[in-house]
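The values are calculated or read from the model by the stated rules, or taken from the named source; none is laboratory data. Just so we're clear, the structure is a prediction, and the values are computed from it rather than from any experiment. Don't worry about glycine lacking a Cβ; one is built from the backbone with ideal geometry, like all the others, and counts go over all protein chains shown. We work out accessible area using only protein heavy atoms, side chains counted, and drop any ligands, DNA or RNA first. Shrake-Rupley method; radii C 1.70, N 1.55, O 1.52, S 1.80 Å.
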Amino acid sequence: GLTQTAKSLPARYFYDDRGSELFEQICELPEYYLTRTEMSILLQYAGEIAQNTSACELVELGSGSSTKTRILLDAYEHLNYPLRYLPIDVSAGILESSAKQLLAAYPSLQVHALASTYELALERLTPTELPSRMICFIGSTLGNLSPQECDVFFSQIQTALNVGEYLLLGIDLQKPKHLLEAAYNDSQGITAAFNLNVLDHLNRRFGGNFDTTQFAHWAFYNESQHQIEMHLRSLRSQTVQLRALDLTVEFETGETILTEISRKFDLNTMRQELSDRGLAPLQIWTDHSQWFGVLLCQLKSAD
């Protein structure tokens, strides 16, 4: 991405151990409505989710601290269902710490954590020991994928599930620009620190010499594309080297690196897109303001 005319980086480079810690802080920010809104939906409807799926293995993509997962585990435990959880995250550090906390909180829980990208982990899922499986992709992370990447992702979900198994999907819905931009430009500067940490991560991983004081966080809502765009803007003309990659990158003053998109969805459009993929929405829940949606989908047979 750094060799392209419009420079970009994969969003997974946010999530070294430090980036994962910063993201957990972002989730607590007053401006960042996403986490608390989705949690309120899960707290209200987790029992219905568990009743709809019966006993099933939970596979969570981008599990982070697994905070919201506890709401689901509580619901399954309340129904006396066996608990088996496969958290998947690129940050091994947060996987290990969250798994230890979960095992202490749920003595009957089985945890099999996978430090991996989603793509690799979905390819390598082994048959579940429980009657069914539910892949959880909550936290609005679907919005970080372009439309083309979404197509690929849904195909991977179809392949990873057996007919009758489930996808639990969280999506951020379209809303006024001022609410969206505030969520990605918090007053405490934690989102800016999270964005700039990408450069520190690249420095460590690839022997880079990015100077984070010479870049600035820039996030805005692209109304025509219905997406937040997060960039790092070069504050001067500069040359950066990544020794491990034998790569030299030139920046002009004001040139940016696109580090993340966060698409905001229309609920009816998403319902149709999932149905077209054979992932039939069984239940759709939103908060009272309709800021966020949680969809429970079931893989139907091709016929």
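A few notes on this one:
- Carbon + sulfur, % of accessible area of the stretch 149-212 - ligands and nucleic acids excluded, 1.4 Å: 48 percent
- Accessible area expressed per residue, the stretch 27-140, with surrounding protein chains retained (probe 1.4 Å, Å²): 43 Å²
- Chain lengthening between Q225 and A115 when straightened (0.36 nm per residue, less Cα-Cα): 36.4 nm
- For the stretch 187-198, 3J(HN,Hα) per residue [Karplus equation, 6.51 cos²θ - 1.76 cosθ + 1.60, θ = phi - 60°, Hz, x = Gly/Pro]: 5, 8, x, 6, 5, 4, 5, 4, 5, 5, 4, 3
- Prolate/oblate/rounded label for the stretch 11-87 (Cα gyration tensor, a/c 1.5): oblate
- Surface share of carbon and sulfur [accessible, 1.4 angstrom probe, percent] for the stretch 1-113: 50 percent
- When you work out D = kT/(6 pi eta Rh) for the stretch 217-269 at 4 °C and 1.567 mPa s, using the Kirkwood radius from C-alpha pairs as Rh and the Stokes-Einstein form, the result is 99 µm²/s.
- Kirkwood-Stokes translational diffusion coefficient of the stretch 151-256, alpha-carbon pairs, 4 °C, 1.567 mPa s, µm²/s: 77 µm²/s
- Linear extension gain, S108 paired with L245, 0.36 nm per residue minus alpha-carbon span: 44.8 nm
- Positive-end extreme of charge dipole, the chain - chosen from I261, T239, S108 (charges on Cβ): S108
- Lysine-lysine proximity count for the chain, Cα under 30 Å, sequence distance 8 or more or distinct chains: 11
- Between the entries (i) 34, 60, 6, 0; (ii) 30, 48, 20, 2; (iii) 32, 57, 11, 0, the label attached to P(r) over Cα pairs in 20 Å bins from 0, in percent calculated for this structure is (iii).
- Cα-based shape type of the stretch 1-147, given that a ≥ b ≥ c are square roots of the gyration tensor eigenvalues and the cut on a/c is 1.5: prolate
- The chain: angle of helix 67-78 to the longest principal axis, Cα-based, in degrees nearest 10: 0 degrees
- Across the stretch 265-276, coupling constants 3J(HN,Hα) worked out from phi with the 6.51/-1.76/1.60 Karplus curve, θ = phi - 60°, read 9, 9, 4, 5, 5, 5, 4, 5, 4, 5, 4, 5 Hz, and Gly and Pro carry x.
- Mean Cα-pair separation over length for the stretch 208-303, i.e. relative contact order, pairs under 8 Å, 6 or more apart, %: 20 percent
- Farthest positive-ward along the stretch 190-303 dipole, Cα basis, beta-carbon charges - from L296, M270, F215: L296
- Mean Cα-pair separation over length for the chain, i.e. relative contact order, pairs under 8 Å, 6 or more apart, %: 21 percent
- Protein heavy-atom surface of the stretch 216-298, 1.4 angstrom probe: 43% of the accessible area is carbon and sulfur, with nucleic acids and ligands not counted.
- For the stretch 224-303, the gyration tensor built on C-alpha atoms gives a prolate shape. Its axis ratio a/c (a ≥ b ≥ c) is at least 1.5, and a/b is the larger of a/b and b/c.
- Taking the charge dipole of the chain about its Cα centre, with +1 at Lys and Arg Cβ atoms and -1 at Asp and Glu Cβ atoms, the residue from L120, A92, C150 reaching farthest to the positive side is A92.
- Relative contact order %, the stretch 122-168, counting alpha carbon pairs below 8 Å whose residues are six or more apart: 65 percent
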